[in-house]
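Asks: Dumping the structure here so I can ask a few things about it.
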Amino acid sequence: MKTVVKFGGSSLASARQFKKVGDIIRSDKSRRYVIPSAPGKRNDKDEKVTDMLYQCYDAASQGRSYKKILEKIIARYQEIIDGLDLNLNMDHEFQRIEEDFLAKKGRDYAASRGEYLNGMVMANYLGYEFIDAAEVIFFDENGSFLAEATNTELAERLATADKAVIPGFYGSAPDGSIRTFSRGGSDVTGSIVARAIHADLYENWTDVSGFLVADPRIVPDPQVIETITYKELRELSYMGASVLHEDAIFPVREEGIPIHIRNTNKPEDKGTLIVENTCRKPRYTVTGIAGKKGFCSVFIEKAMMNGEVGFGRKVLEVFEKQGISFEHMPSGIDTMTVFVHQTEFIQHEQSVISGIHRAVQPDLIDLESDMALIAVVGRGMKGNRGTAARIFAALSHARINIKMIDQGSSETNIIVGVKNDDFERAIKAVYDIFITAEL
Ligand code: ADP
Ligand code: ASP
Ligand code: MG
């Protein structure tokens, strides 16, 4: 049996956390490939090493003073090395990093050092081989991940490594420069490694006991999801449930490898199993609820719109020309509404309005800002009538005005639009009607 284990930042924030991780790895012989993140926060007020590296690089590359923050970063690693009693000196690594920062090797390079250094510490601590992700994970010159080239190289390299540590989050481009995935990207590395070695399981260890039905910062003590499908998870993580990077599904999906979310601080907890498909009945109609703030809706009305061939395309082309992607587009007989990210839209607002006038001569264009979108996701919704009605009832009971409702074509997803200010209350209300009421 081969298991890939990825540990997130908070699982590796201190020597104490490293010891927990060591115990977890040593308690199961199949845990042979380890993907560490950079050290994260030790408490609420602490800083993530990745954030400190960005700050340090920005200062160094712009000629501002950076020594203090660099010292802080070095101290974070030293605390771990000392606490674990390791015989490891990283002075030359830090010297090189400082030189590279001054030589402006790039923000991605800077951020990647968090994982690179933590990987070295981890390999030393476990007695596993260290494999620099730059040698096995590839991006193209535009920073897009090269899945197949990576898979071939990684499979070949790992065939000769019985136990290895591969730092998460980064890889290299054809010119040798370092590139990273977007934030939280160590999850993606773990998935890539799992695919390359045909792992039986990809364990993703974090600071919560699994994927929770709702964000614990909004709903106190939410239920843990026992089993969730890739598809449900993708919908939820795309809509802000940040436990797992939204792209982490793709590599393991190629091989149907399950992902198991576990809690480093409570290894006895069951966690959440993420699978391609399952016969297991979900416990509740709704598997999870997630959402994001900061949207803007563009409402377009024109009598007989439905009869006008190409109307939707012409409208969307206006957004496309301005480089704006749209999130949702519910439509009626004479109306359509396009939901866009407010920050992206605001810069091009007037060009979009005039563009739509020229393209389709609408009767009315109305804008509404500061909107939030909430995704209510569940494979159990297909077989259960009245889900939308229950959402309506819960929100109206909480006196929340629903701005939009869109049932995704997948039938596993209903999207609700509310004002930003109602966002948290709306999530709580939906949670209560589907989960608290069914407990
Ligand atoms: P790591 O550093 O281990 O990668 P992350 O911070 O990326 O961990 O993800 C775990 C965090 O995600 C949790 O601490 C929690 O605050 C947050 N979170 C948001 N939504 C959810 C959810 N639905 N279930 C569990 N955690 C969630
Ligand atoms: N350290 C990186 C970040 O903070 C990547 C990760 O943790 O997955 O985003
Ligand atoms: Mg993460």
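Asks: For the chain, find the longest principal axis of its Cα atoms and tell me its angle to the long axis of helix 311-321, 0 to 90°, nearest 10.
Replies: 40 degrees
Asks: Then there is this: Could you list which residues have their amide H under 5 Å from that of His328, counting only those 5 or more apart in sequence or on another chain, with H placed in the peptide plane?
Replies: Hits under the 5 Å cutoff: Phe339.
Asks: Still on this structure, please answer the following. Take the Cα radius of gyration of the chain and divide it by 2.2 N^0.38 Å, with N its residue count; two decimals is plenty. Walk me through the numbers before you get to the answer.
Replies: Values: Rg = 23.9 Å, N = 439, 2.2 N^0.38 = 22.2 Å.
Compactness ratio reported: 1.07.
Asks: With each label point set 7 Å from Cα along the Cα-Cβ vector, what nm distance links Lys321 and Gln407?
Replies: So the two model labels end up 3.6 nm from each other.
Asks: Per residue, how much accessible area does the range 164-307 show when a 1.4 Å probe rolls over the protein heavy atoms, in square angstrom?
Replies: 39 Å²
Asks: Over the range 1-157, give the accessible area per residue in Å² for a 1.4 Å probe, as an integer.
Replies: Numbers: 7340 Å² over 157 residues.
I get 47 Å² per residue for the range 1-157.
Asks: Determine the dipole magnitude for the chain: charges of +1 sit on the beta-carbon of Lys and Arg, -1 on that of Asp and Glu, nothing else is charged, the reference point is the Cα centre, and the result goes in debye to the nearest 20.
Replies: Result for the chain is approximately 940 debye, rounded to the nearest 20.
Asks: Which value in nm describes the separation of the simple spin-label points at Thr152 and His397, placed 7 Å from the Cα toward the beta carbon?
Replies: A separation of 5.8 nm, rounded to one decimal place.
Asks: What's the FRET efficiency of Gln95 with Ile353 using the Cβ-Cβ distance as r and R₀ = 35 Å, to the nearest 0.05?
Replies: Numbers: r = 55 Å, r/R0 = 1.57.
Computed FRET efficiency for Gln95 and Ile353: 0.05.
Asks: Okay, moving on. Between Asp421 and Thr278, what is the FRET efficiency for a Förster distance of 41 Å, r being their Cβ-Cβ separation, to the nearest 0.05?
Replies: Efficiency at R0 = 41 Å is approximately 0.65.
Asks: Going by accessible area, probe 1.4 Å, with all protein chains left in place, what is the ranking of Glu232, Glu226, Glu327, largest first?
Replies: Descending accessible area places them as Glu226, Glu327, Glu232.
Asks: Calculate, in nm to one decimal, what Lys382 and Ser65 gain on full extension: separation in residues at 0.36 nm each, minus their alpha carbon distance.
Replies: So the chain would gain 108.3 nm between Lys382 and Ser65.
Asks: Then there is this: Can you check what the net charge comes to around Arg390, using other residues whose Cβ is under 14 Å from the Cβ of Arg390 (Lys, Arg +1; Asp, Glu -1)?
Replies: Residues near Arg390 contribute -1 overall.
Asks: Please give the length that would be gained between Asp140 and Asp44 if that part of the chain were fully extended, namely 0.36 nm times their separation in residues minus their C-alpha to C-alpha distance (nm, one decimal).
Replies: The span from Asp140 to Asp44 would gain 30.9 nm if fully extended.
Asks: For Ala103 paired with Asp269, estimate the spin-label separation in nm (one decimal), with each label point 7 Å from Cα along the Cα-to-Cβ line.
Replies: It works out to 4.4 nm between the two label points.
Asks: Go through 182-195, 102-115 and give me the packing order, highest mean Cβ count within 10 Å leading. Please report the intermediate quantities before stating the final value.
Replies: Numbers: 182-195: 25.5, 102-115: 21.2.
Put in order of decreasing packing, that is 182-195, 102-115.
Asks: While we're looking at this one, here's another question. Tell me the accessible surface of Met305 in square angstrom (1.4 angstrom probe, heavy atoms of protein chains only), to the nearest ten.
Replies: Counting only protein heavy atoms, Met305 exposes about 10 Å² to solvent.
Asks: Could you work out the relative contact order of the range 220-277, using alpha carbon pairs under 8 angstrom and six or more residues apart, expressed as a whole percent?
Replies: So the answer I get is 46 percent.
Asks: Separate question: Let me have the relative contact order for the chain, percent, based on Cα pairs under 8 Å that are six or more residues apart.
Replies: Details: 867 pairs, mean separation 57.7, N = 439.
Relative contact order for the chain comes out at 13 percent.
Asks: Just from its helices, what would the mean residue ellipticity at 222 nm be for the chain, if runs of 4 or more DSSP H residues each count -39500 (n - 2.57) and the sum is divided by every residue, rounded to the nearest 500 deg cm²/dmol?
Replies: Per the formula, -11500 deg cm²/dmol.
Asks: Please give the FRET efficiency for Ser331 paired with Glu254, using the beta carbon to beta carbon distance and R0 = 30 Å, rounded to the nearest 0.05.
Replies: With R0 = 30 Å, the Cβ-Cβ based efficiency is 0.30.
Asks: Here's something else I'd like to know. Relative contact order for the range 70-158: what percent, with Cα pairs under 8 Å and sequence separation of 6 or more?
Replies: 19 percent
Asks: Could you tell me the accessible area of Glu368 in Å² (1.4 Å probe, neighbours in place), rounded to the nearest ten?
Replies: Accessible surface of Glu368 is approximately 60 Å².
The values are calculated or read from the model by the stated rules, or taken from the named source; none is laboratory data. Just so you know, these numbers come straight off a predicted model, no measurement behind them. Cβ sites come from the backbone with ideal geometry, for glycine too, and all protein chains shown count toward neighbours. Quick note on the areas: whole protein, heavy atoms, side chains included, nothing else; ligands and nucleic acids left out. Shrake-Rupley method; radii C 1.70, N 1.55, O 1.52, S 1.80 Å.
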